[in-house]
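S.K.: Quick one: the structure is below, questions incoming.
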Amino acid sequence: MSSDNEVDILVVEDNASDAELTIRALKKQHNANRIFLVTDGEEALDFVFARGSHQGRNKAAKPKLILLDIKLPMVNGLEVLKELKSNSATKGIPVVILTSSAEEVDIYESYQAGANSYIVKPVDLENFMSAIANLGMYWTLLNKAPI
């Protein structure tokens, strides 16, 4: 993983095995060399806004993509999403919800809060790795974001 100044993808995931698989899939396809992992919603916000334990980080070096789980300790993923999308400095960062929840209410609330995409983690390992690789390629290489 990279230092926290230049980051292509911020992974916000509290499950260690899911985080490891996600990072491995992204690196295997060479979608992003600079991946940073945080394990709770509070740290995700601290990272993006360069505060708390990430104070001193270059706040202008925003991630190209945030992969965000919904069920997180400290601050849940929906609250993180709402804060990111309500701030003019961060609302343009693509946020993809990557979660095991297929609950309609979670999907609806995520899109209402500004999620760019909602993906239910595939249970099958091969499908999971493929989904993450394709996701990383789309958002970091193919998608054209405003400058």
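S.K.: Mean separation of Cα pairs under 8 Å and 6+ residues apart, divided by the residue count of the chain: what relative contact order is that in percent?
M.R.: 25
S.K.: Let me ask something else about it. Among residues other than Ile132 whose Cβ falls under 12 Å from its Cβ, what is the net charge (Lys/Arg +1, Asp/Glu -1)? It would help to have the intermediate numbers written out before the result.
M.R.: Details: positive: Arg24, Lys27, Lys28, Lys121; negative: Glu13, Asp18, Glu20, Glu126.
Within the 12 Å Cβ shell, the charges total 0.
S.K.: While we're looking at this one, here's another question. ³J(HN,Hα) across region 58-67 via Karplus (A = 6.51, B = -1.76, C = 1.60, θ = phi - 60°), whole Hz, x for Gly/Pro?
M.R.: Karplus-based 3J(HN,Hα) across region 58-67 equals 5, 5, 6, 7, 7, x, 6, 7, 10, 9 Hz.
S.K.: 7 Å from Cα along Cα→Cβ at both Lys59 and Asn76: what's the point-to-point distance in nm?
M.R.: 2.8
S.K.: If you take every DSSP beta bridge fully contained in the chain, what fraction is antiparallel? Give it as a percent rounded to 5.
M.R.: Numbers: 0 of 15 bridges.
The antiparallel fraction comes to roughly 0 percent.
S.K.: Still on this structure, I have one more. Cut-off 10 angstrom, C-alpha nodes, Gaussian network model of the chain. Which of Val12, Val120, Val95 fluctuates the most?
M.R.: Judging by the Gaussian network model, the answer is Val120.
S.K.: Still on this structure, please answer the following. As an exercise, find the ratio Rg/Rh for region 9-141 from alpha-carbon atoms, using the Kirkwood inverse-distance average for Rh. Numbers along the way, then the final one.
M.R.: Working: Rg = 13.7 Å, Rh = 14.7 Å.
Answer for region 9-141: 0.93.
S.K.: Hey, another quick one. Using θ = phi - 60° and the Karplus form 6.51 cos²θ - 1.76 cosθ + 1.60, what ³J(HN,Hα) does each residue of region 92-105 get, whole Hz, x for Gly and Pro?
M.R.: Per-residue couplings from phi come out as x, 6, x, 10, 10, 6, 10, 9, 8, 7, 9, 5, 4, 5 Hz.
S.K.: When we measure straight from the Cα of Lys28, which lysines land under 16 angstrom away, once same-chain ones fewer than 8 places off are left out?
M.R.: Straight-line reach from Lys28, under 16 Å: no lysines qualify.
S.K.: Right, here's the next one. Report the net charge of residues surrounding Thr22, where surrounding means a beta-carbon distance below 14 angstrom and charges are Lys +1, Arg +1, Asp -1, Glu -1. List each step's numbers first, then the result.
M.R.: On the way: positive: Arg24, Lys27, Lys28, Lys121; negative: Asp8, Glu13, Asp14, Asp18, Glu20, Asp69.
Net charge around Thr22: -2.
S.K.: Show me, for region 43-53, the HN-Hα J-couplings you get by feeding each phi into the Karplus relation (A = 6.51, B = -1.76, C = 1.60, θ = phi - 60°), rounded to Hz, glycine and proline as x.
M.R.: Values per residue, Gly and Pro as x: 5, 4, 5, 4, 5, 4, 9, 6, 9, x, 5 Hz.
S.K.: Count the lysine pairs in region 52-139 whose Cα atoms lie under 20 Å apart, taking only pairs 8 or more positions apart in sequence or on different chains.
M.R.: Step by step, the pairs that qualify in region 52-139 add up to 13.
S.K.: Taking trypsin sites (Lys or Arg not before Pro) as exposed when DSSP calls them loop (any state but H, G, I, E, B) and at most 12 other Cβ atoms lie within 10 Å, what is the longest stretch of the chain free of them, the sites themselves excluded? All intermediate terms of the calculation are to be shown ahead of the outcome.
M.R.: Values: sites that count: Lys91, Lys144.
Counting at most 12 other Cβ atoms within 10 Å as exposed, the longest clean stretch of the chain is 1-90.
Taken together, the values in this text are just the output of simple stated rules run on the coordinates, not laboratory data. Keep in mind the model is a prediction, meaning the values are calculated, not measured. Cβ sites come from the backbone with ideal geometry, for glycine too, and all protein chains shown count toward neighbours.
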